[in-house]
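Novice: Quick one: the structure is below, questions incoming.
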Amino acid sequence: MKTTARVVIIGGGVVGCSVLYHLTKKGWSDVMLLERDQLTSGSTWHAAGGFHTLNGDPNVAMLQSYTVSLYEELERISGQSCGLHKSPGIMLADTPERMEFLKMTVARGRYLGMETEIISIKEALNYFPFIEEKYFLGALLDPNEGHLDPSGTTYAYAKAARLGGATIEVQTKVESLEQKPDGTWRVSTNKGVVECEHVVNAGGLWAREVGRMVGIELPVLAMEHMYLVTDDIPEVEAFNKSAGKEIGHVIDFGAESYLRQEGKGMVLGVYEQAGKPWSTKTTPWSFGQELLQPDLDRIAPSLEIAFKHFPTLEHAGIKRVINGPFTFAPDGNPLVGPVQGRTNFWSACGVMAGFSQGGGVGLALSNWMVDGDPGFDIWGMDVARYGDWATRTYTNAKVRENYSRRFRIRFPNEELPAGRPLQTTPLYDTFIEQGAVMGDSWGMETPLWFAPKGTQAKDIVSFHRSNDFEPIKAECKAVREAVGVTEVANFAKYEITGPGAEAWLQGLMTNTLPKTGRLQLCPMLNHQGKIIGDFTIAKAEEDRFMMWGSSQAQVYHMRWFEQTLPKDGSVRITPYGMKLIGLSIAGPKSREVLQRLTDEDVSNEAFKFMDYREMEIATVQAKINRVTYTGDLGYEIWVAPEYQRRLYESIMAAGADVGIQNFGMRALLCLRLEKNFGTWFREFRPIYGPFEAGLDRFVKLDKHEYIGKAAAIKEKQEGPKKTRIFMVVDALDCDVMGDEPIWVDGKVVGWVTSGGFGHYVNQSLAQGYIPTECFKPDMKLEIEILGERRAAHLQMDPPFDPEAKRMRM
Ligand SMILES: Cc1cc2nc3c(=O)[nH]c(=O)nc-3n(C[C@H](O)[C@H](O)[C@H](O)COP(=O)(O)OP(=O)(O)OC[C@H]3O[C@@H](n4cnc5c(N)ncnc54)[C@H](O)[C@@H]3O)c2cc1C
């Protein structure tokens, strides 16, 4: 066995083999895969082998589409058959909500170039003849689906990788991992030691165990999964003969089942409600190519519905029942990328659909390792989307919930309950008592809206405007006309100190840093000149800065900061997490409220827009930013958690006679929309350049050096390829929520990034991107909402306070 390699991949399932192949394709041939047993010995060998492109996250869908398109190339290069059966797939809707969901899915697929369409149940019979028509309303047809041979496909990746110079060692178990002081790795196996630069964890069912070798607990858990293979069914053969094709793939939401042809019979798999986790703490190393005991009782409720929906199947004999485990992350998407806090330790695990996603995971990870960037927007799969709050038992609750919802709709206003409440602020109970409907924001409970007394504090989930509409309107009115208070704890907050702090920060940010006592909005770019961060930075004093960013991106950003920090210890960055939490007061009366709580002068002259102060308020030591995300006069006030309650009660008492009201996250998002403010992960993402995103004011090209500057200059010189636009939409009772296609002059050219109802301006609003070449002031804009094209109108100025006087008043 070789004793050195540039990369060691742990795990020879479909994912590890795909990463191996993609690395060789990128030109890295000194790569080695270690497999403790034989290739496919984890979850791969007993997969049902189905593949499809649809995914709730459009960026993940694109990588699935790449995976599906790869198989023919793989067969050609390797000479190994993947056992491909390409056949169209249909998703069946048995309720009006599921029909709306399918229409939304088709619309979302349009700008990704997906060829899905809505068809009638009569037409669906051409693909799947066993449907009992009376139960269904319509279907979605996806021509790009099929199934394959899991083992053949894994070996095809492996063969293609070997042809590219890769080495594969089977019967080689990685027993421990040790990082040496120079950052390289010592991989100890039952056959000896391999020294390498990079380690990839593609351990599948054992991904947690491999993670534990480097002291991390990955949020993955295996679930048992069952599918049946029926005996031959005469009707299957009859269909094949008369139609001249295989029976298509089917997803039946009602029965929580998927079906496809296998030989002359059918495969029927179920994502049941009472799903069962497997190996909740540790996965036994002795587990090999074996199956679990089937438990038909567990899937009986779903089977009953499936047999009602497809009566031909009820009488088919069952040839075998497969019950095997495979892994899931809490949201069901893979965990890919460099692991924060470990150098050159990469994750390629939690891949629940290896034959839809494995190619995309291999492509993204190999780009990342070789070029320093995944080359796509893969936030939906990034291992950095979870923090250490995603513990083993939290993961257990969420994975079970996710499994049971695999074929359920998630409505735009639907919050999922499992594992909650997890993190709460001291005001949690106070907010609940006041009617707060809470949402989960990166593991933290956050008030979304407040139900008026006598009404139910609960979302009625829907694609349409719902029971939160009027309460949010009232919250927005209170902010715009008097003063509102909201909790803003769910931000990431960092303190940066040390003699090198200013130079380091300046080298990351496109904007010049603020002077002492001031704030500045600072985008951050990667080397390719794409937006990877959007921060508010305060200079507290010489060599000390405070910085606020997206809470969801805290691990993502810390990973970047750790990579760029000077090695000489001249800069220290401390993420505050929950040690600093905030309340924001916003609205024309907010200064009056603040002044009542302090003997410091907070007049407009003494405490200006974009000023930063550290001072006492309501007897509490606070850090205060004079800025709000609502676009009003306002303040963000940050205190240690033990003082938050005192601060809140003081604010409420001081504001009582000027009409102070609570407002939640949903009102905040509506208010920022009326100002056309962008938000991280929607308008600002690593697929957009700063000029595309309209951040021109915050990007200095002639002042200082920073990462991504050369690419930003290029973008400016060549002109942005995309343009961020703001629209007023002729919506009916359903506003845009994000990812809908934008039609310009009758063609789909762009997509919505976010939208909703602007309650104070009384308009339905949307933000999105279109290609710059399509941008014309008189273009005819439409947005497809739930299958219906609604006219939209370009809005150049924000409808609320276009001259931005309110923030400065
Ligand atoms: C019943 C069933 C049906 C399924 N149907 C489908 C389907 O239709 N379509 C689809 O896309 N997916 C399906 N899946 C899921 C699919 O099987 C997984 O997505 C896929 O197998 C994940 O592959 P992997 O490479 O990540 O993990 P694994 O297949 O688990 O591979 C991990 C490998 O790592 C090795 N390993 C672990 N630790 C070490 C170590 N320390 N040293 C050396 N080697 C190590 C293991 O031996 C194993 O071979 C199904 C799964 C099941 C169980």
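No value in this document is a laboratory result; all are computed from the given coordinates. In this text, all values refer to a predicted model and were calculated from it rather than measured experimentally. Cβ placement follows ideal geometry from the backbone for every residue including glycine, while neighbour counts extend to all protein chains displayed.
Novice: For GLU178 paired with PHE775, estimate the spin-label separation in nm (one decimal), with each label point 7 Å from Cα along the Cα-to-Cβ line.
Specialist: Label-label distance for GLU178 and PHE775, simple model: 5.7 nm.
Novice: Please say if the range 315-397 is rounded, prolate or oblate, where rounded means a/c under 1.5 for a ≥ b ≥ c the square roots of the C-alpha gyration tensor eigenvalues, and otherwise the choice is prolate for a/b larger than b/c and oblate otherwise?
Specialist: On the way: a/c = 2.99, a/b = 1.61, b/c = 1.86.
The shape class here is oblate.
Novice: Further question on the same structure: With +1 on the Cβ of every Lys and Arg and -1 on the Cβ of every Asp and Glu, and nothing else charged, how large is the dipole of the chain about its Cα centre, in debye rounded to the nearest 20? Don't jump to the answer; show the numbers that get you there.
Specialist: Values: 88 positive and 103 negative charges, 244 e Å.
In debye, rounded to 20, the chain gives about 1180.
Novice: Rounded, prolate or oblate: which fits the range 655-809 when a ≥ b ≥ c are the square roots of the eigenvalues of the alpha-carbon gyration tensor, with rounded for a/c under 1.5 and prolate only if a/b beats b/c?
Specialist: Numbers: a/c = 2.11, a/b = 1.15, b/c = 1.84.
Since a/c reaches 1.5 but b/c is at least a/b, the shape of the range 655-809 is classed as oblate.
Novice: Also, I was wondering about something else. Length gain on complete extension for the stretch ARG212 to LYS714, per 0.36 nm per residue less the alpha carbon to alpha carbon distance?
Specialist: Numbers: separation 502, 0.36 × 502 = 180.72 nm, distance 4.36 nm.
Roughly 176.4 nm would be gained on extension.
Novice: Explain nothing, just the number: dipole magnitude of the range 494-557 about its Cα centre with +1 on each Lys and Arg Cβ and -1 on each Asp and Glu Cβ, in debye rounded to the nearest 20. Mind showing how you got there, number by number?
Specialist: Working: 5 positive and 6 negative charges, 39 e Å.
Computed charge dipole of the range 494-557: roughly 180 debye.
Novice: Around ALA47, under 14 Å between beta carbons, what's the net of Lys plus Arg minus Asp minus Glu among the other residues?
Specialist: Values: positive: ARG260; negative: ASP149, GLU224, GLU262.
Cβ neighbours under 14 Å give a net charge of -2.
Novice: Calculate, for GLN38 and THR391, the FRET efficiency according to 1/(1 + (r/R0)^6) with r their C-beta to C-beta distance and R0 41 Å; round to the nearest 0.05.
Specialist: Numbers: r = 33 Å, r/R0 = 0.81.
Efficiency, from the Cβ-Cβ distance: 0.80.
Novice: Ok, one more. Taking the mean number of other Cβ atoms within 10 Å as a proxy for protection, how do you rank 247-256, 454-463, 275-284, 226-235 from highest to lowest?
Specialist: Numbers: 247-256: 23.4, 454-463: 13.9, 275-284: 15.8, 226-235: 18.8.
So the order, starting with the most tightly packed, is 247-256, 226-235, 275-284, 454-463.
Novice: Can you give the FRET efficiency for GLU788 and ARG808, using 1/(1 + (r/R0)^6), R0 = 35 Å, r = Cβ-Cβ distance, to the nearest 0.05?
Specialist: Numbers: r = 41 Å, r/R0 = 1.16.
Once the sixth-power term is evaluated, E becomes 0.30.
Novice: Describe numerically, in nm with one decimal, the distance between label points set 7 Å from Cα along Cα→Cβ at SER242 and at LEU163.
Specialist: Spacing of the two 7 Å Cα→Cβ label points: 4.3 nm.
Novice: How big is the dipole moment of the range 202-271 about its Cα centre under a simple scheme where the beta carbon of each Lys and Arg is +1, that of each Asp and Glu is -1, and everything else is neutral? Debye, nearest 20, please. Don't skip to the answer; put the middle values down first.
Specialist: Working: 6 positive and 11 negative charges, 52 e Å.
The calculation lands at about 260 debye.
Novice: May I pose another question? Taking just the alpha carbons, could you work out the radius of gyration and Dmax for the range 188-272, both in angstroms?
Specialist: 21.3, 59
Novice: Let me ask something additional. Cβ neighbours within 10 Å, averaged per peptide: list 19-25, 31-37 in order, most packed at the top. The partial results should precede the final answer.
Specialist: Values: 19-25: 26.3, 31-37: 24.3.
Per-residue mean Cβ counts within 10 Å order the peptides as 19-25, 31-37.
Novice: Also, quick follow-up: Per-residue counts of other Cβ atoms within 10 Å, averaged by peptide: what ranking do you get for 285-298, 713-726, highest first?
Specialist: 713-726, 285-298
Novice: I would also like to ask the following. Measure up LYS721/LYS747; LYS714/LYS776; LYS721/LYS780; LYS579/LYS675 against 29 Å on the Cα-Cα distance and list the ones that go over. Can you show the working numbers first?
Specialist: Values: LYS721/LYS747 18 Å; LYS714/LYS776 23 Å; LYS721/LYS780 20 Å; LYS579/LYS675 31 Å.
Long pairs (Cα-Cα over 29 Å): LYS579/LYS675.
Novice: Can I ask one more? Once the dipole of the chain is set up with Lys and Arg at +1 and Asp and Glu at -1 on Cβ about the Cα centre, which of GLN273, LEU177, ALA306 lies farthest towards its positive end?
Specialist: Of GLN273, LEU177, ALA306, it is LEU177.
Novice: Moving on to the next point. Determine the sum of side-chain charges near THR574: Lys and Arg each +1, Asp and Glu each -1, restricted to other residues whose C-beta is under 15 angstrom from that of THR574. Numbers along the way, then the final one.
Specialist: Working: positive: LYS493, ARG544, ARG572, LYS579, LYS623; negative: GLU495, ASP543, GLU562.
Net charge around THR574: +2.
Novice: Based on the Cβ-Cβ distance from LEU137 to VAL193, what FRET efficiency comes out when R0 is 60 Å, to the nearest 0.05? Walk me through the numbers before you get to the answer.
Specialist: Numbers: r = 61 Å, r/R0 = 1.02.
That gives a FRET efficiency of 0.50.
Novice: Using 0.36 nm per residue of separation minus the Cα-Cα distance, give me the extension gain between ILE432 and ARG410 in nm, one decimal. Let's see the in-between values first.
Specialist: Details: separation 22, 0.36 × 22 = 7.92 nm, distance 2.38 nm.
Length difference between fully extended and current span is 5.5 nm.
Novice: Here is a follow-up. Considering only GLY337, PHE407, GLY375, whose Cα is most displaced toward the positive end of the charge dipole of the range 327-446, charges sitting on Cβ of Lys, Arg (+1) and Asp, Glu (-1)?
Specialist: Value computed over the given set: PHE407.
Novice: Dipole of the range 659-713 (Lys/Arg Cβ +1, Asp/Glu Cβ -1, origin at the Cα centre): which of MET665, ALA710, GLY689 lies farthest to the positive side?
Specialist: MET665
Novice: Once you have all Cα-Cα distances for the range 761-809, histogram them in 5 Å bins from zero and send the whole-percent values.
Specialist: Per 5 Å bin, starting at zero, the Cα-Cα P(r) for the range 761-809 comes out as 4, 14, 23, 22, 16, 10, 7, 3, 1 percent.
Novice: Subtracting the Cα-Cα distance from 0.36 nm times the residue separation, let me have the gained length for LYS86 to GLN456 in nm, one decimal. Walk me through the numbers before you get to the answer.
Specialist: Values: separation 370, 0.36 × 370 = 133.20 nm, distance 4.91 nm.
Taking 0.36 nm per residue and subtracting the Cα distance, the gain is 128.3 nm.
Novice: Tell me, rounded to the nearest percent, the portion of alpha carbon pairs in the range 621-709 spaced more than 20 Å apart.
Specialist: Values: 2191 of 3916 pairs.
Every Cα pair in the range 621-709 considered, those over 20 Å come to 56 percent.
Novice: Further question: Please report the orientation-averaged projected area of the range 278-367, defined via the convex hull of its C-alpha atoms, in nm².
Specialist: Working: hull surface 36.7 nm².
If I average the Cα hull's projected area over directions, I get 9.2 nm².
Novice: What is the distance, in nm, between label points placed 7 Å from the Cα along the Cα-to-Cβ direction at LYS700 and at GLU600?
Specialist: Label-label distance for LYS700 and GLU600, simple model: 2.6 nm.
Novice: Provide Rg and Dmax in Å for the range 26-77, with only Cα atoms included in the calculation.
Specialist: Values for the range 26-77 (Cα only, Rg and Dmax): 14.4, 36 Å.
Novice: Equivalent-ellipsoid semi-axes (√(5λ), Cα gyration tensor) for the chain, whole Å, largest first?
Specialist: 45, 33, 25
Novice: Could you tally the net charge around SER366, taking each other residue with its Cβ under 11 Å from the Cβ of SER366, Lys/Arg +1 and Asp/Glu -1? Could the numbers behind the result be given before it?
Specialist: Numbers: positive: LYS25, LYS26; negative: ASP371.
Net charge in that neighbourhood comes out at +1.
Novice: Sort the range 491-577 into rounded, prolate or oblate with this rule: let a ≥ b ≥ c be the square roots of the eigenvalues of the Cα gyration tensor; rounded if a/c is under 1.5, and if a/c is not under 1.5, prolate when a/b is larger than b/c, oblate otherwise.
Specialist: Details: a/c = 1.27, a/b = 1.16, b/c = 1.09.
It is rounded, given that a/c, with a ≥ b ≥ c, falls under 1.5.
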